[in-house]
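Visitor: Dropping the structure in here first, questions after.
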Amino acid sequence: MSDLSLGSDRGALREKARKLDEADPLSAKRAEFVLDDDTVYLDGNSLGALPAVVPGRMADVVARQWGRLRIRSWTESGWWTAPERVGDRIAPLVGAAPGQVVAGDSTSVNVFKALVGAVRMAGEGRDEIVVDATTFPTDGYIAESAARLTGRRLVAADPAGIVDALGPRTAVALVNHVDYRSGRLHDLPGVTAAAHEAGALVVWDLCHSAGALPVGLDEHGVDLAVGCTYKYLNGGPGSPAFLYVRRDLQSRFDSPLPGWNSHRDPFGMSGRYEPADGAVRGRVGTPDILSMLALEAALEVWDGVPIEAVRDKSLALTDFFLECVAAYVRPGRVESITPARHGERGSQVALRCAGAGAVMETLIARGVVGDFRHPDVLRFGFTPLYVSFADTERAARVLAEVVAAGT
Ligand SMILES: *Cc1c(COP(=O)(O)O)cnc(C)c1O
């Protein structure tokens, strides 16, 4: 491609970005986040940006609720019931009716609760746990331990062929909704239906889909799900994760971590464990209130935002990024491993690239923040609440310059 045609591409793509931003119904949301004008932040799939409402809220939580009300805040400031309240705030974003989601602990811990809980519900005859072979590592480690503890066999299966691994011996399948490396979106309705057909349960890990696209937990009859809140939900570093247990399974959910917060009468201080009803049964110990309330404040940015609008913009952003990359980056320098088909794409674009680690370092130094995943993947996360089409065009343009300069 000659420099001349690249120049006209640039003009046309910048103009296209301007028009897309003008027509974007979510464009005003960016002002609700703390961001730098000179940086394109495409790492919201690792740590979401700070919602502007959070610092003021936290000042109140620390100075007044903790500092002055002290112990009274457990009741007067609603601390004790925050896990259920925050869970109900997350619920509509993942397609769940109230009373089925509880916030707390980390995703890793919730994977453990969900998997062991599912094995116990599945019953004795079912001796296999099927796990997504391409999973984010922590899920695989926890699944291996859960299998060992419960005397089940672990079966690893590629998500594309996971349906074939399900059968009369399957207790539960643990699947990532979106692959953290490639950005591939897995078939939640199809795999869930196939698991049920086989008489098994399914646990979905929503870390890379919660807040990025419609999940439809209730609609698709998902059994259990977990997810984190510091990626597309912008809850802050290490913010509490969440656990979904479908309403009609809750009475059979036998948590492997039955802490006192999940007791029917926690302040009865009984020596005998009796589980609470409902989502509360997924709680363990005293919640991490500071992080929990930062998350609660952060979730306010979702007020009035339909997740469908987020999905529409997410697909438009990733389409546009791929278009700009194809126009700007010399052929052969990068290769997208993110599916081109919308139905198979999450909210990120992953590009395989020689020297990806060094390329990402240079990109970050030039104000385009994505991340590097071993061994050769450049990851760009598109958070529709605060990433613009102009950001997207700029990211592709800088990428093309960095890749060209490095060779
Ligand atoms: C980010 C992520 C996690 C993180 O687990 P933590 O317990 O919060 O560290 C787990 N699983 C998947 C699929 C993830 O993307």
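Readers should treat all values here as calculations from the given coordinates under stated rules, not as data from a laboratory. Just so it is clear, the structure is predicted and the values come from calculations on it, not from any experiment. Glycine also receives a Cβ, built like all others from the backbone with ideal geometry; neighbour counts cover every protein chain displayed.
Visitor: Extending each Cα 7 Å along its Cβ direction at Asp265 and Asp38, get the distance between those two points in nm, one decimal.
Guide: Placing both labels 7 Å beyond Cα along the Cβ direction yields 6.3 nm.
Visitor: Another question about this same structure. Filter the DSSP H helices in the chain by two things, a Kyte-Doolittle mean of at least -1.0 and an axial alpha-carbon span of 27 angstrom or more, and list the hits by number.
Guide: On the way: long enough: 3-22 (28 Å, -1.12); 307-328 (31 Å, 0.65).
Membrane-span-like by this rule: 307-328.
Visitor: Loop only by DSSP, 16 or fewer other Cβ within 10 Å of the Cβ. Give me the trypsin sites (Lys or Arg not before Pro) in region 246-286 that pass, ordered by residue number.
Guide: Numbers: sites: Arg246, Arg247, Arg252, Arg264, Arg272, Arg281, Arg283; in loops: Arg246, Arg264, Arg272, Arg283.
Counting only loop positions with at most 16 other Cβ atoms within 10 Å, the trypsin sites (Lys or Arg not before Pro) in region 246-286 are Arg264, Arg272.
Visitor: Same structure, new question: Using only the Cα atoms of region 51-117, build the gyration tensor, take square roots of its eigenvalues as a ≥ b ≥ c, and label the shape rounded, prolate or oblate: rounded if a/c is under 1.5, else prolate if a/b is larger than b/c, else oblate. Each step should come with its number before you reach the end.
Guide: Working: a/c = 2.16, a/b = 1.81, b/c = 1.19.
Cα axes put region 51-117 in the prolate bin.
Visitor: Okay, next question. Using the beta-carbon distance between Ala160 and Glu274 and R0 = 30 Å, what value does 1/(1 + (r/R0)^6) give for FRET efficiency, to the nearest 0.05? Could the numbers behind the result be given before it?
Guide: Working: r = 43 Å, r/R0 = 1.45.
Using R0 = 30 Å, I get an efficiency of 0.10.
Visitor: Find out how many positive minus negative residues lie around Tyr141, taking Lys and Arg as positive, Asp and Glu as negative, among other residues whose Cβ is under 14 Å from that of Tyr141.
Guide: Values: positive: Arg148; negative: Asp132, Asp139, Glu144, Asp205.
Around Tyr141, the charge tally is -3.
Visitor: Given labels modelled 7 Å from the Cα in the Cβ direction, how far is it in nm from Arg10 to Ala23?
Guide: Roughly 2.5 nm, to one decimal.
Visitor: Further question on the same structure: Relative contact order for the chain: what percent, with Cα pairs under 8 Å and sequence separation of 6 or more? Show your work: numbers first, answer last.
Guide: Numbers: 807 pairs, mean separation 91.9, N = 407.
Averaging sequence separation for qualifying contacts and normalising by length gives 23 percent for the chain.
Visitor: Something else about it: Would you list, by chain and number, the aspartates and glutamates whose Cα falls below 14 Å from the Cα of Lys313, excluding same-chain residues fewer than 8 positions away?
Guide: Asp21, Glu22, Asp24, Asp391
Visitor: Still on this structure, please answer the following. Report the Cα-based extents of region 55-302 along its three principal axes, largest first, to the nearest Å.
Guide: Result for region 55-302: principal-axis Cα extents of 58, 43, 29 Å.
Visitor: Can you show me the helix-derived [θ] at 222 nm for the chain, built from DSSP H runs with n ≥ 4 at -39,500 (n - 2.57) apiece and divided by the number of residues, rounded to the nearest 500. Provide the component values of the computation, followed by the final result.
Guide: Values: 11 runs with 140 residues, N = 407.
Calculated from helices alone, the mean residue ellipticity at 222 nm is -11000 deg cm²/dmol.
Visitor: While we're on this one: May I ask you to derive the FRET efficiency for Arg153 and His196 from their Cβ-Cβ distance with R0 = 25 Å, giving the value to the nearest 0.05? Display every interim value, and only then the final one.
Guide: Numbers: r = 21 Å, r/R0 = 0.84.
About 0.75, to the nearest 0.05.
Visitor: Count neighbours as other Cβ atoms within 10 Å of each site's Cβ, and list the GluC sites (Glu not before Pro) in region 66-150 that are DSSP loop with at most 12 such neighbours. Provide the component values of the computation, followed by the final result.
Guide: Working: sites: Glu76, Glu84, Glu124, Glu128, Glu144; in loops: Glu124.
Sites meeting the loop and neighbour criteria: Glu124.
Visitor: Have a look at Leu224, Phe380, Tyr328 and report the one farthest towards the positive end of the charge dipole of the chain, computed about the Cα centre with Cβ charges (Lys/Arg +1, Asp/Glu -1).
Guide: Farthest along the dipole direction, towards plus: Leu224.
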